[in-house]
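Engineer: Okay, here's the structure, questions in a sec.
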Amino acid sequence: MQFFISANYETRAAAQLEWTAIPLPATDGSYNVSPPALHHSEFMIRTFAAVVFIALAFVPAKLNIETDLARQHLASGPLGLGLCERIGQSAFVAVLGGFRSVVADLLFIDAQAAWERTDWTHLLLRLRQATELQPRAIMFWDIAGWHMAWNASIAAQNDEARSPLARQRAGREYIELGRDFLRRGIANNPRKPQLYEALARLYRDRLHDHARAAENFFQASQLPGCAAYDERFSAYELSYCEGREREAYERLRALYLRGERERLPTLVARLRALEEKLNVPPSERVGQH
């Protein structure tokens, strides 16, 4: 089975996660992919059959694992009528039968199909359902935020059938939906740096809120498994915040003094810019001692 996104969490070596869409992004900026050659209904039937086969093969092990998770209080929470209303009766019955993660995976697959045909309403519904069922799945929250704040938002902003004001409003609403996914993901997974990083990128790239971007990159940098660049990116964002230049300068300077590994071109450039803005004496500037 081929998925249309890959996320490399371990080698996050650049400013953002490595997302790969197949084929290249669409010209309308929506980062969409071409529909598969199969008719959608046939594709979904085959996908469903494959997942059911896999589920039946691995149900015993899966149930044992989920039992262990429940004992450790890491399961996804109690089931109730509210959940039934949100995911539908058939899916709820499957969840009661111990297929919670399988149902979530199927919903997520259907969300991907909705993305392929740019059905943003259905995509939002499926992403909400999948994250409801598997709130510990970091990838679900991360991709949900990305779909809303980037793909759906950019598509809305480029929708020539709407007035400029309606485009702007719809684009902003999708960004807010993306932010909401990431905030709820963090609430369910407060010790996972990936979601803080994703929220920081949203603030930086979609809302241009440098202060909140700095805060979230810093939060990520304090958690186990964070990316090496999180602390540095936090200082970069802080350097663009009016009135906080001195704080940013001290943090960037401290990073610079750690050694050559931290003395990257962007860090040095931001330091030089702040030295000029703060009128740092030449004898106190980096590289002068």
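Engineer: Can you tell me which residue in region 112-142 is farthest from D180 (Cα to Cα), limited to those that are among the basic types (K, R) and assigned to a helix (DSSP H, G or I)?
Structural biologist: R126
Engineer: Turning to a different aspect of this structure: Quick one: V280 ticks every box in (1) in a helix (DSSP H, G or I); (2) more than 25 Å from A198 (Cβ to Cβ); (3) in contact (Cβ under 8 Å) with a residue 12 or more places away in the chain; (4) not polar (S, T, N, Q) bar one, so which box is it?
Structural biologist: For V280, the failing item is (1).
Engineer: Among (1) in a helix (DSSP H, G or I); (2) in contact (Cβ under 8 Å) with a residue 40 or more places away in the chain; (3) not charged (D, E, K, R), where does Y236 come up short?
Structural biologist: Every listed condition holds for Y236 apart from (2).
Engineer: Considering every residue within region 204-213, establish whether at least one is at pLDDT 95 or above, farther than 21 Å from H147 by Cα and among the hydrophobic types (A, V, I, L, M, F, W, C).
Structural biologist: Yes, the conditions are met somewhere in region 204-213.
Engineer: I need a count of the residues in region 94-111 that are modelled with pLDDT under 50 and part of a helix (DSSP H, G or I).
Structural biologist: Final tally of qualifying residues: 3.
Matching residues to (1) on the phi > 0 side of the Ramachandran plot; (2) surrounded by 14 or more Cβ atoms within 10 Å (Cβ to Cβ); (3) not in a loop (DSSP other than H, G, I, E, B):
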position: F181; (1), (2), (3): no, yes, yes
position: E197; (1), (2), (3): no, yes, yes
position: R204; (1), (2), (3): no, yes, yes
position: A214; (1), (2), (3): no, yes, yes
position: F217; (1), (2), (3): no, yes, yes
position: G243; (1), (2), (3): yes, no, no
position: Y249; (1), (2), (3): no, yes, yes
position: L267; (1), (2), (3): no, yes, yes
position: E276; (1), (2), (3): no, no, yes
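Engineer: Let me ask another. Looking for something outside any helix (DSSP H, G or I), surrounded by fewer than 19 Cβ atoms within 10 Å (Cβ to Cβ) and of a type in the set (G, A, S) - is there at least one such residue anywhere in region 151-169?
Structural biologist: Yes, that holds for at least one residue.
Engineer: Give the number of residues within region 221-241 that are crowded, with 21+ Cβ neighbours inside 10 Å and under 26 Å from G171 (Cβ atoms).
Structural biologist: Residues that pass the stated criteria total 3.
Engineer: List pairs: first in region 103-122 and in contact (Cβ under 8 Å) with a residue 12 or more places away in the chain, second among the hydroxyl-bearing types (S, T, Y), Cβ under 7 Å, 6+ apart or cross-chain?
Structural biologist: From region 103-122, the pairs are I109/T47; T118/S30.
Engineer: Turning to a different aspect of this structure: Checking Q134 against (1) at pLDDT below 95; (2) crowded, with 23+ Cβ neighbours inside 10 Å: exactly one of these is not met. Which one?
Structural biologist: Every listed condition holds for Q134 apart from (2).
Engineer: Failed condition for A91, given (1) over 22 Å from R206 (Cβ atoms); (2) at pLDDT 50 or above; (3) of a type in the set (G, A, S), with all others met?
Structural biologist: Condition not satisfied by A91: (2).
The values are calculated or read from the model by the stated rules, or taken from the named source; none is laboratory data. Because the structure is predicted, anything quoted here is derived from the model rather than measured. Please note: Cβ atoms are built from the backbone with ideal geometry, for glycine as well, and neighbour counts cover all protein chains shown.
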